[in-house]
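Participant: Before anything else, here's the structure in question.
The values are calculated or read from the model by the stated rules, or taken from the named source; none is laboratory data. Because the structure is a prediction, the values reported are computed rather than measured. Cβ placement follows ideal geometry from the backbone for every residue including glycine, while neighbour counts extend to all protein chains displayed.
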Amino acid sequence: MEPTPKELIVGEAGDARPIAALVRAETVPGNHLPGIVWLGGYRSDMTGSKAEALCRHAGEQGRASLRFDYSGHGASGGDFRAGTISRWLEESLAVFDHFSSGPQILVGSSMGAWIALRLVQELRRKGAGDRVAGLVLIAPAPDFTHELMEPELTEAQRQALAQNGFFEEPTPYGPDPNVFTRALFEDGRTNRVLEGLLETGAPVHIIQGMADPDVPWQHALKLVEHLPSDNVTLTLIRDGDHRLSRDEDISRILAAVDSIPPAP
C-alpha cells in the first residue's frame with residue numbers, strides 16, 4: 001500500500017502554514033511493531049533515499065510510517081527564512097499528534113536528530129513519553145548553531161547577521177546556497193539539549209560517519225555523554241559521509257530500527 005498524501009495547517013491567521021505529509025497506516029494489526037516517524041535535516045525533504053527506504057521497509061513489515069516536510073521545505077508551504085528550531089518543532093509535534101498513534105520510533109537525520117530530541121522532551125513534559133519506542137539518530141547535529149557554527153563564523157558572516165539578519169553560503173548538496181538567519185541562531189540557544197542529562201526513556205541508536213565534513217564524529221561522542229548510559233548504541237563508520245545514503249549505510253539504519261523491541 002502506497003503512503004497517502006496528507007496536509008495539516010499549523011499556526012493561526014498570518015502564521016498558518018500547510019505542512020505536507022506522507023502517511024502509511026499499519027497493515028498488520030496486532031504485530032505490536034512501533035511505527036516509524038522520519039525527521040529530516042536542514043533543507044532536506046521527505047523524498048530522500050533514507051526516508052524512502054524507511055517507508056518501504058515499514059510497508060514490508062506492516063508497520064505504520066510517517067514522514068513530512070517542515071515549513072519552507074519540500075512540498076510544505078511557509079517561508080524557509082522564517083524557520084527556526086521552535087517553529088519546526090511545533091510542526092513536528094502537530095504532525096506527530098495528528099497523524100500517528102501508539103508507540104513510534106523517531107528517526108532523525110542531522111538537524112532532524114535535534115528536532116527528535118526536543119520532541120521527546122516535549123512529549124515527556126506532556127506525559128506522553130511512552131509514545132516514543134526508540135530513537136535512531138543519523139549524523140546527529142543537536143545544538144549545531146551554537147556548538148558547530150557559531151565558533152566558526154567569519155567576521156563577514158557575523159556582520160551579515162547583525163546588519164542583514166542572515167548570511168548565505170554555498171552547499172555541495174544542491175545548486176542554491178544555504179541561508180542561515182539571525183533568528184535561527186537566537187532560537188537555537190533556547191532549544192539547546194547538550195546542557196544536562198537527556199532522559200529519553202527509550203533505546204537510542206546513533207549512526208555517525210567519521211568522514212562527515214559537516215558534523216564531526218566527536219559531536220556524536222558529546223551527545224552520548226548527555227544520554228543515560230543504558231540502551232545507547234553508537235556506530236562509527238570510518239568512511240561514512242554526512243548523508244549516509246549508501247546501500248550499506250541504509251542497511252545499518254534499517255537494522256537499528258529493527259533492533260528496537262515491539263511494544264508490550
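Participant: Would you confirm whether or not the stretch 104-120 contains a residue that is surrounded by fewer than 16 Cβ atoms within 10 Å (Cβ to Cβ) and either outside any loop (DSSP other than H, G, I, E, B) or out of contact with any Lys or Arg (no Cβ under 7 Å at 6 or more places or on another chain) (or both)? Break it down into steps so the answer makes sense when it comes.
Facilitator: Initially, the stretch 104-120 is screened for residues surrounded by fewer than 16 Cβ atoms within 10 Å (Cβ to Cβ), giving none.
For the stretch 104-120, residues surrounded by fewer than 16 Cβ atoms within 10 Å (Cβ to Cβ) and either outside any loop (DSSP other than H, G, I, E, B) or out of contact with any Lys or Arg (no Cβ under 7 Å at 6 or more places or on another chain) (or both): absent.
Participant: Quick one: in the stretch 30-44, which of the residues that are within 24 Å of LEU89 (Cα to Cα) and among the small types (Gly, Ala, Ser) is surrounded by the most Cβ atoms within 10 Å (Cβ to Cβ)?
Facilitator: GLY41
Participant: If a residue has to be in contact with a strand residue (DSSP E or B) (Cβ under 7 Å, 6 or more places away or on another chain), charged (D, E, K, R) and closer than 17 Å to VAL179 by Cα to count, how many in the stretch 71-105 make the cut?
Facilitator: 1
Participant: Does any residue of the stretch 58-70 turn out to be out of contact with any helix residue (DSSP H, G or I) (no Cβ under 9 Å at 6 or more places or on another chain) and free of Cβ contacts under 8 Å to residues at least 12 places away in the same chain?
Facilitator: Scanning the stretch 58-70, I find at least one residue that is out of contact with any helix residue (DSSP H, G or I) (no Cβ under 9 Å at 6 or more places or on another chain) and free of Cβ contacts under 8 Å to residues at least 12 places away in the same chain, so the answer is yes.
Participant: If you don't mind, there's one more thing I want to ask. So THR47 ticks every box in (1) at pLDDT below 95; (2) of a type outside the set (A, V, I, L, M, F, W, C); (3) surrounded by fewer than 15 Cβ atoms within 10 Å (Cβ to Cβ); (4) closer than 28 Å to HIS242 by Cβ but one. Which box is left unticked?
Facilitator: (1)
Participant: Can you tell me which residue is farthest from PHE167 (Cα to Cα) among those in the stretch 183-199 that are small (Gly, Ala, Ser) and crowded, with 16+ Cβ neighbours inside 10 Å?
Facilitator: The extreme case among them is GLY188.
Participant: A further question follows. Kindly establish whether GLY188 is in contact (Cβ under 8 Å) with a residue 12 or more places away in the chain, over 20 Å from GLY112 (Cβ atoms) and in contact with a helix residue (DSSP H, G or I) (Cβ under 7 Å, 6 or more places away or on another chain). Give the steps one after another, and end with the answer.
Facilitator: Numbers: in contact (Cβ under 8 Å) with a residue 12 or more places away in the chain: yes; over 20 Å from GLY112 (Cβ atoms): no; in contact with a helix residue (DSSP H, G or I) (Cβ under 7 Å, 6 or more places away or on another chain): yes.
In short, no.
Participant: For the condition touching a strand residue (DSSP E or B) at 6+ places or on another chain (Cβ under 6 Å) and under 26 Å from THR181 (Cα atoms), what is the one hit in GLY14, GLY41, GLY48, GLY35?
Facilitator: GLY41
Participant: Separate question: What number of residues in the stretch 139-161 are in a loop (DSSP other than H, G, I, E, B), surrounded by 17 or more Cβ atoms within 10 Å (Cβ to Cβ) and of a type outside the set (Gly, Ala, Ser)?
Facilitator: Qualifying residue count, the stretch 139-161: 3.
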